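Novice: Before anything else, here's the structure in question.
The values are calculated or read from the model by the stated rules, or taken from the named source; none is laboratory data. Nothing here was measured: the structure is a model prediction, and the numbers come from that model. Don't worry about glycine lacking a Cβ; one is built from the backbone with ideal geometry, like all the others, and counts go over all protein chains shown. Just the protein is used for accessible areas: all its heavy atoms, side chains included, with ligands, DNA and RNA removed. Shrake-Rupley method; radii C 1.70, N 1.55, O 1.52, S 1.80 Å.
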Amino acid sequence: MKCFTYVMFLVLFPLFWSSAQSKDCCSNNKLMRSIKYQFNLMNPDECGSETSDRVKSAFSAKLHKHLSKVTQHTKIIFGTVITNTGDAYDKTTGVFTSPRDGTFYFSWTMYTNAGGSCPTELVHNGNPVGLANHTWNAGSKGNHSSTQSGVLSLKKHDKIWIRMERTGGGNCYAGEWTSFNGFEI
């Protein structure tokens with residue numbers, strides 16, 4: 001009971017003191033947000049424009065194994081994580097899950113063998129978003145890379161991944177040549 005009384009004093013005293021000191025609505029709202037935040041009663045997204053202390057999501061991952069003749073709509077799993085600030089990218093599924101509503105930048109690079117192809121696309125909640133990356137190297141004697149990028153407005157819990165746009169006719173090489181990246185703007 002003593003602990004409850006103490007906590008209530010800590011919560012209520014600043015409210016009464018603040019309203020006695022100032023009738024400024026903005027100051028009272030900031031104080032209330034601060035109290036809610038300290039007691040974990042508030043979602044960090046409710047902080048309005050005061051988001052400078054919020055950690056923005058960012059990730060970079062590399063393809064961890066070579067892929068050969070991958071079939072249409074197969075999800076590409078970039079399993080070697082370089083950066084995963086905010087832990088929104090899952091290296092076991094290859095899926096980025098948006099931690100909040102916001103605008104995000106994504107890019108990916110694919111690298112294929114001479115004469116091969118590795119046609120991929122960016123997928124948002126199961127639907128292609130119209131950004132495709134076709135690393136195609138017909139008739140060439142050397143390997144070839146291709147990069148695509150885009151900016152998307154996402155809602156909290158939206159999912160983004162890369163998949164084969166159609167069956168590839170070659171190898172998609174792993175390592176430092178092939179990556180999937182994204183960050184919150």
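Novice: Give me, ordered by chain and number, the residues 5 or more places off Gln148 or on other chains with an amide H under 5 Å from its own placed amide H.
Specialist: Trp108
Novice: Gain in length, Lys159 to Asp101, computed as 0.36 nm per residue apart minus the alpha-carbon separation, to one decimal in nm?
Specialist: Contour length minus Cα-Cα distance gives 19.7 nm.
Novice: May I pose another question? Please identify every one of the trypsin sites (Lys or Arg not before Pro) in region 126-185 that sits in a loop by DSSP and has no more than 13 other beta carbons within 10 Å of its own beta carbon.
Specialist: Taking region 126-185 and a limit of 13 other Cβ atoms within 10 Å, the loop trypsin sites (Lys or Arg not before Pro) found are Lys141, Lys155, Lys156.
Novice: So, one more: Where does the charge balance sit around Lys75 when Lys and Arg score +1, Asp and Glu -1, over other residues with C-beta under 13 Å from its C-beta?
Specialist: Result for the neighbourhood of Lys75: 0.
Novice: Under 15 Å from a label point 7 Å along Cα→Cβ of Ile185: give me every residue in region 53-70 with its amide N that close.
Specialist: Hits in region 53-70 for Ile185 at 15 Å: 57.
Novice: For region 58-184, report the accessible area per residue in Å² (1.4 Å probe, heavy atoms, rounded to an integer).
Specialist: Value for region 58-184: 46 Å² per residue.
Novice: Hey, another quick one. Over all alpha-carbon pairs in region 58-184, figure out the percentage whose distance exceeds 23 Å.
Specialist: 25 percent
Novice: Lys65 to Asn125: FRET efficiency via 1/(1 + (r/R0)^6), r the Cβ-Cβ distance, R0 41 Å, to the nearest 0.05?
Specialist: In this case the efficiency is close to 0.95.
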